[in-house]
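Only one structure is covered here, and it is reproduced in the block below.
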Amino acid sequence: MEMGISNLLFTQDRPLPEEELASGLPASCLNLTGTGYPEDTSNPTQTPNSAVLDDVSAFANLMRFLAPPPPGGVVLNGAAVPAATIAAGQALFTSVGCATCHNPTLGPTQVSNLVPALSKQTFHPYSDFEIHDMGTGFADNVSQGNAGGDQFRTAPLWGLGQRIFLDHDGRDLSVSATIQNHSSNGSEANTVITNFNDLTSTQKQEVLDFLRSL
């Protein structure tokens with residue numbers, strides 16, 4: 001949908017927020033492939049087998065079978081960050097309230113109908129996978145399902161240490177900026193960000209070190 005390719009879940013292109021405020025989708029954006037809607041569909045009679053699934057389903061299967069990114073060490077100013085510092089940051093992460101939404105452990109997974117070994121596994125996504133109001137500062141004005149333009153699913157933090165572009169739209173290049181973006185008018189995270197900002201500079205760095213270890 002966000003790439004502008006209609007599929008079995010989102011069967012027709014949607015306008016950008018500014019287009020919705022104007023005259024809707026421009027004619028040049030409609031059905032560019034000439035194949036009708038949806039543009040990306042399953043093809044059960046097609047060969048090779050890799051061409052049978054629509055792209056969304058194939059991508060979903062890829063994500064289902066990916067192993068979670070392992071946590072690792074952190075290097076700051078050319079030196080390895082001690083494990084005790086990362087542990088201190090993890091404790092602060094919980095005490096200021098970040099773990100309320102970025103829940104480290106949700107319990108066992110559901111029963112898998114793909115591979116039995118994936119059933120009832122403990123995992124650590126650092127997310128509650130719930131929808132939260134994130135305020136005007138985070139809003140992208142895109143509504144999807146029951147989620148409004150300032151509502152987002154809590155992003156899992158596993159793999160954060162390997163990311164360059166942060167936030168839902170890649171707007172930030174630093175974890176510090178991302179944390180501050182959680183605070184704006186109407187955000188459920190305002191109190192948590194206030195708690196974080198009340199930490200000492202050393203404690204804030206410990207939290208950042210912990211996040212970069214994920």
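The values are calculated or read from the model by the stated rules, or taken from the named source; none is laboratory data. What you are looking at is a predicted structure, and each value in this text was computed from that prediction instead of being measured. Cβ atoms come from the backbone with ideal geometry, glycine included; neighbour counts cover every protein chain shown. Please note that ligands, DNA and RNA were not included when accessible areas were found on the heavy atoms of the full protein model with its side chains. Shrake-Rupley method; radii C 1.70, N 1.55, O 1.52, S 1.80 Å.
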(request) Counting only GluC sites (Glu not before Pro) that are in a DSSP loop and have at most 16 other C-beta atoms within 10 Å, tell me the longest site-free stretch of the chain. (result) 3-129
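On a 1.4 Å probe surface of the protein chains, which of K204, K120 comes out largest in accessible area, and what is the full order?
Values: K204 60, K120 130 Å².
Ranked from most to least accessible, the order is K120, K204.
Is segment 163-214 rounded, prolate or oblate when judged by the Cα gyration tensor, a ≥ b ≥ c being the square roots of its eigenvalues, rounded requiring a/c under 1.5 and prolate requiring a/b larger than b/c?
Numbers: a/c = 2.31, a/b = 1.01, b/c = 2.28.
Since a/c reaches 1.5 but b/c is at least a/b, the shape of segment 163-214 is classed as oblate.
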(request) Round to the nearest 10 and give me the degree value, 0 to 90, for the angle of helix 201-213's Cα axis relative to the longest principal axis of the chain. (result) 40
(request) May I have the convex hull volume per residue, in Å³, for the Cα set of segment 78-126? (result) 125
(message) Counting only protein heavy atoms and a 1.4 Å probe, tell me what percentage of the chain's accessible area is made up of carbon and sulfur.
(response) 57
(request) Pull out a ≥ b ≥ c, the square roots of the eigenvalues of the alpha-carbon gyration tensor of segment 52-171, then state rounded if a/c is under 1.5, prolate if not and a/b is larger than b/c, and oblate in the remaining case. (result) oblate
(request) Return the long-range amide H neighbours of V142 (sequence gap of 5 or more, or a different chain), with a cut-off of under 5 Å between placed amide H atoms. (result) none
(message) Please report the accessible area of M134 (heavy atoms, 1.4 Å probe, ligands and nucleic acids excluded) in Å², nearest 10.
(response) 30
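From the mean inverse distance of alpha carbon pairs (Kirkwood) and the Cα radius of gyration, derive Rg over Rh for segment 86-157.
Values: Rg = 15.3 Å, Rh = 14.1 Å.
On the Cα set of segment 86-157, Rg over Rh gives 1.08.
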(message) From the helices alone, meaning DSSP H stretches of at least four residues, give me the mean residue ellipticity at 222 nm for the chain, per-run term -39500 (n - 2.57), in deg cm²/dmol to the nearest 500.
(response) -7500 deg cm²/dmol
(request) Calculate the translational D of segment 106-214 in whole µm² s⁻¹ from Stokes-Einstein, where the hydrodynamic radius comes from the Kirkwood formula applied to all Cα pairs, the temperature is 10 °C and the viscosity 1.306 mPa s. (result) 101
(request) Using DSSP, restrict attention to beta bridges with both residues in the chain and report what percent are antiparallel, rounded to the nearest 5. (result) 90
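Only four residue types carry charge here, +1 at the Cβ of Lys and Arg and -1 at the Cβ of Asp and Glu. Report the dipole size of the chain about the Cα centre in Debye, rounded to the nearest 20.
Details: 8 positive and 21 negative charges, 171 e Å.
Roughly 820 debye for the chain.
On average, how much accessible surface per residue is there in the chain, in Å², for a 1.4 Å probe, leaving out ligands, DNA and RNA? The partial results should precede the final answer.
Numbers: 13200 Å² over 214 residues.
On a per-residue basis, the chain sits at 62 Å².
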(request) Report, as a whole number in µm² per second, the diffusion coefficient that Stokes-Einstein gives for the chain at 37 °C and 0.692 mPa s using the Kirkwood radius over alpha carbon pairs. (result) 163
(request) Determine the relative contact order of the chain: mean sequence separation of Cα pairs under 8 Å and six or more apart, normalised by residue count, in whole percent. (result) 19
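What does the C-alpha gyration tensor say about the overall shape of segment 36-119? Classify as rounded when a/c is under 1.5, otherwise prolate if a/b is larger than b/c, or oblate. Intermediate results must be reported in sequence, preceding the final value.
Numbers: a/c = 2.84, a/b = 2.34, b/c = 1.21.
Verdict is prolate for segment 36-119.
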(request) Would you kindly find the accessible area of R171, with a 1.4 Å probe and non-protein molecules such as ligands, DNA and RNA excluded, rounding to the nearest 10 Å²? (result) 90
